[in-house]
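One structure is given here, and the rest of the page talks about it.
The values are calculated or read from the model by the stated rules, or taken from the named source; none is laboratory data. A quick note: this is a predicted structure, and the numbers were derived from the prediction, not measured. Neighbour counts are summed over all protein chains in view; Cβ atoms, including those assigned to glycine, are modelled from backbone coordinates with ideal geometry.
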Amino acid sequence: MSDEAQAFWDEVHRRRDRSCHREPHPYVLDALAPALPGRALELGCGHGDTAIWLASQGWTVTAVDISPVALDAAAEHAERAGVSSRITWQHADLRDWTTQETFDLVISLFLHTPLELHGPALLAQAAAATRPHGTLLSVGHCTLPPWAWDPDDTGGLLSASELATALGVHEPDWRTVLAEEVPRTVTGHDGQTGTVLDAVLHAVRRS
């Protein structure tokens with residue numbers, strides 16, 4: 001495990017209000033609220049907002065993150081929400097983490113870092129862990145807000161179609177529900193607001 005990466009994300013999560021529990025990404029709510037629950041995997045779960053929401057909808061969730069600070073906060077939120085029995089938290093660097101299991105849903109939200117932009121390599125695990133008839137949902141930055149680590153450095157950021165190509169998500173093995181850039185209003189730590197584009201890839205594995 002990279003000590004540098006863990007230290008970076010621990011500091012990011014220390015700056016977040018530990019008592020604050022947020023709603024999942026709007027597209028997650030829209031796409032998954034009507035879905036029948038099953039077994040879900042979230043890569044890079046952070047404070048557990050999405051994992052906890054999935055568990056509240058009846059999903060059994062495995063949630064993985066590199067930051068113990070984030071996982072501690074996530075476990076506290078899950079306990080207060082009464083869904084801790086539905087979630088397994090795993091501390092791991094996704095560059096080293098592997099699984100032999102497959103899932104009905106594999107989800108990742110914003111697997112980016114200024115240390116190393118390696119999203120496709122990590123998300124290849126997500127595609128591989130999606131079982132036949134299962135759903136892959138990846139949301140990533142396509143543009144960054146002005147207060148990001150380097151808002152002009154978007155060389156490692158992929159569009160939804162570029163990500164689909166990198167992961168081999170295409171017919172006949174996959175049915176693409178959505179692969180496009182979706183605008184979203186964001187708020188920074190100091191209350192500033194801006195509009196960013198999120199690259200949303202939503203696909204169902206056929207075989």
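Summed over the range 50-66, residues that are of a type outside the set (Phe, Trp, Tyr) and either at pLDDT below 95 or not in a helix (DSSP H, G or I) (or both) total 9.
Do we find that residue 100 is at pLDDT 95 or above, of a type outside the set (Gly, Ala, Ser), closer than 26 Å to residue 205 by Cα and surrounded by fewer than 20 Cβ atoms within 10 Å (Cβ to Cβ) in this structure? It is false that residue 100 is at pLDDT 95 or above, of a type outside the set (Gly, Ala, Ser), closer than 26 Å to residue 205 by Cα and surrounded by fewer than 20 Cβ atoms within 10 Å (Cβ to Cβ). Considering only residues in the range 165-182 that are touching a residue at least 12 places away in the same chain (Cβ under 8 Å) and either part of a helix (DSSP H, G or I) or in contact with a Leu (Cβ under 6 Å, 6 or more places away or on another chain) (or both), the one that is farthest from residue 30 (Cα to Cα) turns out to be 166. Whether any residue in the range 128-135 is at pLDDT 95 or above, on the phi > 0 side of the Ramachandran plot and surrounded by fewer than 19 Cβ atoms within 10 Å (Cβ to Cβ) is what I want to check. Yes - at least one qualifying residue is present in the range 128-135. Only one of the listed residues (7, 92, 40) is among the small types (Gly, Ala, Ser) and either farther than 14 Å from residue 129 by Cβ or without any contact (Cβ under 8 Å) to a residue 40 or more places away in the chain (or both). That residue is 7.
In summary, residue 88 fulfils each of the numbered conditions (1) buried (at least 17 other Cβ atoms within 10 Å of the Cβ); (2) in contact with a strand residue (DSSP E or B) (Cβ under 9 Å, 6 or more places away or on another chain); (3) at pLDDT 95 or above; (4) of a type in the set (Ser, Thr, Tyr) with the single exception of condition (1).
Listed here are the residues, each with its yes/no results for (1) within 13 Å of the chain's Cα centre (by Cα); (2) aliphatic (A, V, I, L, M); (3) over 26 Å from residue 174 (Cβ atoms).
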{"residue": "48", "(1), (2), (3)": "yes, no, yes"}
{"residue": "57", "(1), (2), (3)": "no, no, no"}
{"residue": "60", "(1), (2), (3)": "no, no, no"}
{"residue": "64", "(1), (2), (3)": "yes, yes, no"}
{"residue": "75", "(1), (2), (3)": "no, yes, yes"}
{"residue": "84", "(1), (2), (3)": "no, no, yes"}
{"residue": "110", "(1), (2), (3)": "yes, no, no"}
